[in-house]
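**Q** Structure incoming, see below.
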Amino acid sequence: MTGSILEIRDLRVAFTGAAKPVRAVDGVDLALVPGEVVALLGESGSGKSVTLRSILRLHPENKTRIEGSIVAAGIDVMALSGAALADFRGKTVSMIFQEPMLALDPVYTLGAQITEAIRKHESGVSADAARKRALGLFERVRIPSPERRLDSYPHELSGGMRQRAMIALALACNPKVLLADEPTTALDATVQVQILLLLRELQRELDLAMIFVTHDIGVGVEVADRIAVMYAGRIVEIGAVRDVIRAPRHPYTIGLLSTRAQGGRLSGKRLPTITGSPPDLASLPPGCAFAPRCSSATSACLEAAPAAVELGHGHAVRCIHTAAVA
Amino acid sequence: MKDENASAPLLQVRGLVKHFPVKKNLLGRTTSFVSAVDGVDFDLRQGETLGVVGESGCGKSTTARLLLHLIEPTAGTIRFGGRTVGSVALPLKEFRRQVQMVFQDSYASLNPRLTVEESIVFGPMVHGIARHVAQARAHALLERVGLDPVRFAGRFTHELSGGQRQRVNIARALALQPRVLVLDEAVSALDKSVEAQVLNLLLDLKGEFGLTYLFISHDLEVVRFMADRVLVMYLGRVAELAPTEDLYTGSRHPYTSALLGSLLSMDPDRRTVAAPISGDPPNPIDPPAGCRFHTRCASAQAVCAKGAPGLAAHSREHWVACHMFDAGSGHGSAPAKAA
Amino acid sequence: MPERAQEILRSPGYWVTVWRRFLRDPVALLAALVVLGLILMAVFAPWIAPQDPFQGMSLQRLKPPGTEGYPLGTDELGRDMLSRLIHGARISLFMGIVPVLCALAIGAAIGVVAGYSGGWTNTLLMRTVDVFFAFPSVLLAVALAGALGPGLFNGLIALTLVFIPPIARVAESVTTGVRTRDYVEAAKASGAGALLIIRKHVLGNVLGPIFVYAMSLIAVSMILAAGLSFLGLGVKPPQPDWGLMLNTLRTAMYTQPLLCALPGVMIFITSIAFNLMTDGLRSAMDIKT
């Protein structure tokens, strides 16, 4: 895709620490244009978070084998190292996490952390100017009494406020791409909605490209332009939100959408389910990883990993039965 | 509660209170408390599923642990089948045989040094059942929860997936042949595809064994699917209690409405445009005076900061603790007091 | 009970798995072999030792290692160093292992009871333990041994008392961690009493870590015992003990430095072997997936 701000080509990540290498990501292609939001949807072990962390090269080098190419804002991420990598993190691409207490340093005030981040990436910014910017950021993420909160420590804030502070820190150096790793999963429902609305608003105002990793389809629908469904390290279905939600074509997506206990009890009926459990990434079958759980699987499914089938409007599905599944 | 029409409830909870000490002064005297549960009343009827919902810190999990006497209540009574728990008529040990619990963390709730079979037979053997009888029961239950005893009885918990472990936990709870199962966020840690399987299993087991469920969850969709009646808690108190569909389609308490308004639509053309309430739940160490929700409530008036509203019947079966529905409370929206 | 068509598949037990993992760790395995060798050497000392460890030849004093007939030389009274080192393993290993085992039995009992009961029982037991814990272990051992008087048995009691507090501390903290786990709650919820819960659900999960910690104290105990002997508070001459030998040979430090170092080398090898073996055991016991 031309004009993309982030382009991932054939990303493969394997963790080699255990007896058998774990193929966490197994050939992911993904491109984002500026200002676009893609939700990366999947269950635990699907490789969604691993993909996200690869973009910032956050995996321990000695226990990870990483292949493929990642280009963000014209920078070849795989070629970065040392100071260049540190400069890239936070300035070009930055990230927010599920647990803000792990991302924020407990021994510094929030103001100190944000000013430090600004002055590290932009030389020549005075302490006063950086503090003014930090205050502006706190106002922007709608932290009440921002002046006072800049001098607070992370533990003094409630969960939702901490999440806002972390968003402020992530936006401190005007990144072009924001990576969100389940930022609302640990929050209560009434707080989750507030944070989702805030992220959507900031993303639009700042024209950020954003990858939003989540296990909750509802959250994906709420924030994203496109949805990419991951299973066992591969994107099995990708497309515009409306297409994926209203006309899912991969059996796994169809199953996920129908297992949601939505709309109340269906007059005592059982929920439709996907049988079995997610595969062991250390010993993946040669064919389609979903085949053992798939009701429409045939012997052909077990032979080779299915290639992506284009359905038009950027809707693509990795299933050899795509034509047959309505 | 004044439930004249209903038959005698299986489990009756009255005035349940739990204060945890958080700060002590130099002399070891406690100077401040978390009032985790603060005067909770409810009935659990034979054969129903009572859903309990609320945000973190609302006291739903504490309520579950108080029910099983895993922690001692500061005040309150629990009656089971008309008998007070802990009395001569109903010793704690017998009560615990009848009421079992499934925890959220499937890994932490199984002893890592025991095999699946040993975990399941432990309870029955405590109650004097011979090992071979307990083993036969364990194998039958494993079969019933969808785990082949030949493959799973001799395994250790770290060899199982999250869904399989939670099935073992359910079998372990059922091994005592209880009448009530307390499910404390029992499916919250599972992936959606596995969650649906376990929910179906719970529905089947309930019919088969004639169980009564107390189903605690933060997930309103799941509660709507499972529950017959729903109890909404906020900061240690009951906000609303109603039959499931009444609650989901005609909620009265502003907090319940906010919770329901926070549900995501799953429809890209009907995205949420404004958050129903702002801010986080207050700290339970120092909860707001009066109605605990008044600090976040759009309809709050002066009266709400003064007195705590009691749980009152809005219609038959539908109970609300809100000054707006309490005749003569002094709230502008309250109905006039009947002459 | 109806006959089952198939035999239940059983996973290997916990300790079998630990053993297999331990066997895959070459460093720990080597250390364990060294420990085994030392123990065998101590047990069979009278048969292995080439000479009588008490019989001195006044003409053959302080011979360097490599001397004809004395492969490791002779000490200040002309006794064969090799034989004395072999016999010395008996007392040194005894003083390393036995006090730790005694302290393990007592300390683990105190710690598990304190950890499981919590509240006042915990406060009372652990504060008492803390009083002893406040003294440095060397000082405490010397003070106790000094008060009890010299001798092997008194040294043993002194060392046991020294190791009770740290073992009780570890036992208490491990037990407190296990006590709040959901599976203990679940066992309580099934109506089980405290003793049964401790036996079935607590001990199995705490004894491993406590035992590993106690193993790491064996080397410390040996060194402390050597220290007591060195100060004349433990074993008395002419008993062969590595610590005592270090003491008596110190007069020859400048004339035969290599000879003087030999007992120290033995202590060093033994403690390193125990420590490496313990490390291996600890990681072998850490089964997660």
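The values are calculated or read from the model by the stated rules, or taken from the named source; none is laboratory data. Note that this is a predicted model, so its numbers are computed, not measured. Using ideal geometry, Cβ is built from the backbone for each residue, glycine included, and neighbour counts are taken over all protein chains shown.
**Q** Scan segment C:162-198 residue by residue and report those that are under 30 Å from the mean Cα position of the chain (by Cα), more than 13 Å from C:Met126 (Cβ to Cβ) and small (Gly, Ala, Ser).
**A** C:Gly177
**Q** Another one. Inspect segment B:18-35 for any residue being at pLDDT below 90, surrounded by 18 or more Cβ atoms within 10 Å (Cβ to Cβ) and not in a loop (DSSP other than H, G, I, E, B) and give the result as yes or no.
**A** The answer is yes, given that some residue of segment B:18-35 is at pLDDT below 90, surrounded by 18 or more Cβ atoms within 10 Å (Cβ to Cβ) and not in a loop (DSSP other than H, G, I, E, B).
**Q** Considering only segment A:120-168, state which residues are part of a loop (DSSP other than H, G, I, E, B) and either surrounded by 14 or more Cβ atoms within 10 Å (Cβ to Cβ) or within 14 Å of chain B (Cβ to nearest Cβ) (or both). Full working, then the answer.
**A** The initial filter retains those residues of segment A:120-168 that are part of a loop (DSSP other than H, G, I, E, B), namely A:122-126, A:141-145, A:150-153, A:157-158.
Within segment A:120-168, A:Glu122, A:Val125, A:Val141, A:Arg142, A:Ile143, A:Pro144, A:Ser145, A:Leu150, A:Ser152, A:Tyr153, A:Leu157, A:Ser158 qualify.
**Q** Quick one: is A:Thr190 within 12 Å of chain B (Cβ to nearest Cβ), in a helix (DSSP H, G or I) and either β-branched (Val, Ile, Thr) or touching a helix residue (DSSP H, G or I) at 6+ places or on another chain (Cβ under 7 Å) (or both)?
**A** Yes: the conditions hold for A:Thr190.
The rows are residues; the columns are (1) in contact with a strand residue (DSSP E or B) (Cβ under 6 Å, 6 or more places away or on another chain); (2) of a type in the set (Ser, Thr, Tyr).
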{"site": "B:Ser35", "(1), (2)": "yes, yes"}
{"site": "B:Thr62", "(1), (2)": "yes, yes"}
{"site": "B:Arg79", "(1), (2)": "yes, no"}
{"site": "B:Gly82", "(1), (2)": "no, no"}
{"site": "B:Pro91", "(1), (2)": "no, no"}
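**Q** Output the number of the condition that B:Phe152 fails; it satisfies all remaining conditions of (1) within 10 Å of chain C (Cβ to nearest Cβ); (2) among the hydrophobic types (A, V, I, L, M, F, W, C); (3) closer than 28 Å to A:Leu41 by Cβ.
**A** Result: B:Phe152 fails condition (3) only.
**Q** How about segment A:14-57: which of its residues are among the acidic types (Asp, Glu) and touching a helix residue (DSSP H, G or I) at 6+ places or on another chain (Cβ under 8 Å)?
**A** Matches in segment A:14-57: A:Glu43 only.
**Q** So, B:Val168, is that one surrounded by 23 or more Cβ atoms within 10 Å (Cβ to Cβ) and either in a strand (DSSP E or B) or away from chain C (no Cβ under 14 Å) (or both) or not? Steps first, answer last, please.
**A** Numbers: surrounded by 23 or more Cβ atoms within 10 Å (Cβ to Cβ): yes; either in a strand (DSSP E or B) or away from chain C (no Cβ under 14 Å) (or both): no.
No, not satisfied.
**Q** Okay, moving on. If you check B:Val238 against the conditions, is it surrounded by 24 or more Cβ atoms within 10 Å (Cβ to Cβ), within 19 Å of B:Gly47 (Cβ to Cβ), in contact (Cβ under 8 Å) with a residue 40 or more places away in the chain and in contact with a strand residue (DSSP E or B) (Cβ under 7 Å, 6 or more places away or on another chain)?
**A** Numbers: surrounded by 24 or more Cβ atoms within 10 Å (Cβ to Cβ): yes; within 19 Å of B:Gly47 (Cβ to Cβ): no; in contact (Cβ under 8 Å) with a residue 40 or more places away in the chain: yes; in contact with a strand residue (DSSP E or B) (Cβ under 7 Å, 6 or more places away or on another chain): yes.
No; evaluated as a whole, the condition is false for this residue.
Results for (1) surrounded by 20 or more Cβ atoms within 10 Å (Cβ to Cβ); (2) in contact with a Gly (Cβ under 9 Å, 6 or more places away or on another chain); (3) hydroxyl-bearing (Ser, Thr, Tyr); (4) within 14 Å of another protein chain (Cβ to nearest Cβ), shown as yes or no for each residue.
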| position | (1), (2), (3), (4) |
| --- | --- |
| C:Leu249 | yes, no, no, no |
| C:Cys260 | yes, no, no, no |
| C:Ile267 | yes, yes, no, no |
| C:Thr270 | yes, yes, yes, no |
| C:Asn275 | no, no, no, no |
| C:Gly280 | yes, no, no, no |
| C:Ile287 | no, no, no, yes |
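**Q** Restricting to segment B:174-209, name every residue that is closer than 21 Å to C:Asp182 by Cα, β-branched (Val, Ile, Thr) and not in a strand (DSSP E or B).
**A** Once the filter is applied, which keeps residues that are closer than 21 Å to C:Asp182 by Cα, β-branched (Val, Ile, Thr) and not in a strand (DSSP E or B), segment B:174-209 yields B:Val187, B:Val198.
**Q** Only one residue in C:Pro12, C:Pro50 is outside any helix (DSSP H, G or I), surrounded by fewer than 17 Cβ atoms within 10 Å (Cβ to Cβ) and touching a Gly at 6+ places or on another chain (Cβ under 9 Å). Which one?
**A** Selected residue: C:Pro50, the only one of C:Pro12, C:Pro50 that is outside any helix (DSSP H, G or I), surrounded by fewer than 17 Cβ atoms within 10 Å (Cβ to Cβ) and touching a Gly at 6+ places or on another chain (Cβ under 9 Å).
**Q** Exactly one of (1) over 21 Å from the mean Cα position of the chain (by Cα); (2) within 10 Å of chain C (Cβ to nearest Cβ); (3) surrounded by 24 or more Cβ atoms within 10 Å (Cβ to Cβ); (4) not hydroxyl-bearing (Ser, Thr, Tyr) is unmet by B:Ala138. Its number?
**A** The single condition B:Ala138 does not satisfy is (2).
**Q** Hey, any hits in segment C:80-90 for a residue that's farther than 21 Å from C:Pro237 by Cα and modelled with pLDDT of 85 or more?
**A** no
**Q** Tell me, yes or no, whether segment B:180-194 has at least one residue that is away from every other protein chain (no Cβ under 12 Å), in contact (Cβ under 8 Å) with a residue 60 or more places away in the chain, crowded, with 22+ Cβ neighbours inside 10 Å and within 27 Å of B:Thr74 (Cβ to Cβ).
**A** yes
**Q** Moving on. Against the condition of a type in the set (S, T, N, Q), surrounded by fewer than 19 Cβ atoms within 10 Å (Cβ to Cβ), within 14 Å of chain B (Cβ to nearest Cβ) and out of contact with any Lys or Arg (no Cβ under 8 Å at 6 or more places or on another chain), how does C:Thr128 come out, does it pass?
**A** Values: of a type in the set (S, T, N, Q): yes; surrounded by fewer than 19 Cβ atoms within 10 Å (Cβ to Cβ): yes; within 14 Å of chain B (Cβ to nearest Cβ): no; out of contact with any Lys or Arg (no Cβ under 8 Å at 6 or more places or on another chain): yes.
No; evaluated as a whole, the condition is false for this residue.
**Q** Could you look through segment B:107-135, keep only residues that are small (Gly, Ala, Ser) and more than 9 Å from chain C (Cβ to nearest Cβ), and pick out the one that is nearest to B:His158 (Cα to Cα)? I'd like the intermediate steps shown before the answer.
**A** Within segment B:107-135, the subset small (Gly, Ala, Ser) is B:108-109, B:119, B:123, B:128, B:130, B:134.
Now drop any that are not more than 9 Å from chain C (Cβ to nearest Cβ), which leaves B:128, B:130, B:134.
On the way: B:Gly128: 29, B:Ala130: 27, B:Ala134: 23 Å.
By that ranking, first place goes to B:Ala134.
**Q** Another question, then. For segment B:84-108, give me each residue that is at pLDDT below 90 and in contact with a Leu (Cβ under 6 Å, 6 or more places away or on another chain).
**A** Across segment B:84-108, the qualifying residue is only B:Gly86.
**Q** Can you find, within segment B:197-210, the residue that is nearest to A:Tyr252 (Cα to Cα) among those that are crowded, with 21+ Cβ neighbours inside 10 Å and in contact with a Gly (Cβ under 9 Å, 6 or more places away or on another chain)?
**A** This residue is B:Gln197.
**Q** Checking B:His127 against (1) surrounded by 18 or more Cβ atoms within 10 Å (Cβ to Cβ); (2) closer than 17 Å to C:Gly193 by Cα, which single condition isn't satisfied?
**A** With respect to (1) surrounded by 18 or more Cβ atoms within 10 Å (Cβ to Cβ); (2) closer than 17 Å to C:Gly193 by Cα, B:His127 is out only on (1).
**Q** What are the residues in segment B:251-263 that are free of Cβ contacts under 8 Å to residues at least 24 places away in the same chain and either surrounded by fewer than 22 Cβ atoms within 10 Å (Cβ to Cβ) or in contact with a Lys or Arg (Cβ under 8 Å, 6 or more places away or on another chain) (or both), if any?
**A** B:Ser257, B:Gly261, B:Ser262
**Q** With the structure loaded, tell me whether A:Val177 is away from chain B (no Cβ under 14 Å), β-branched (Val, Ile, Thr) and surrounded by fewer than 23 Cβ atoms within 10 Å (Cβ to Cβ) or whether it fails that test. Please lay out each step first, then the result.
**A** Working: away from chain B (no Cβ under 14 Å): yes; β-branched (Val, Ile, Thr): yes; surrounded by fewer than 23 Cβ atoms within 10 Å (Cβ to Cβ): yes.
Judged against the criteria, A:Val177 is a match.
**Q** Considering only segment C:86-108, state which residues are among the β-branched types (Val, Ile, Thr) and within 16 Å of C:Ala273 (Cα to Cα).
**A** If we filter segment C:86-108 for residues that are among the β-branched types (Val, Ile, Thr), which is where we start, we get C:86, C:91, C:97-98, C:100, C:106.
Matches in segment C:86-108: C:Ile97 only.
**Q** Of the residues in segment B:36-76, how many are under 17 Å from B:Leu10 (Cβ atoms), within 14 Å of chain A (Cβ to nearest Cβ) and in a strand (DSSP E or B)?
**A** So the answer is 2.
**Q** Give segment B:161-215 a look and list any residue that's aliphatic (A, V, I, L, M), in contact with a Phe, Trp or Tyr (Cβ under 8 Å, 6 or more places away or on another chain) and more than 24 Å from B:Met125 (Cα to Cα), or say none.
**A** B:Ala186, B:Leu199, B:Leu202
**Q** Pull up segment C:107-125, narrow it to residues that are among the hydrophobic types (A, V, I, L, M, F, W, C) and closer than 16 Å to C:Val170 by Cβ, then point me to the one that is surrounded by the fewest Cβ atoms within 10 Å (Cβ to Cβ).
**A** Ranking the candidates gives C:Ala109 first.
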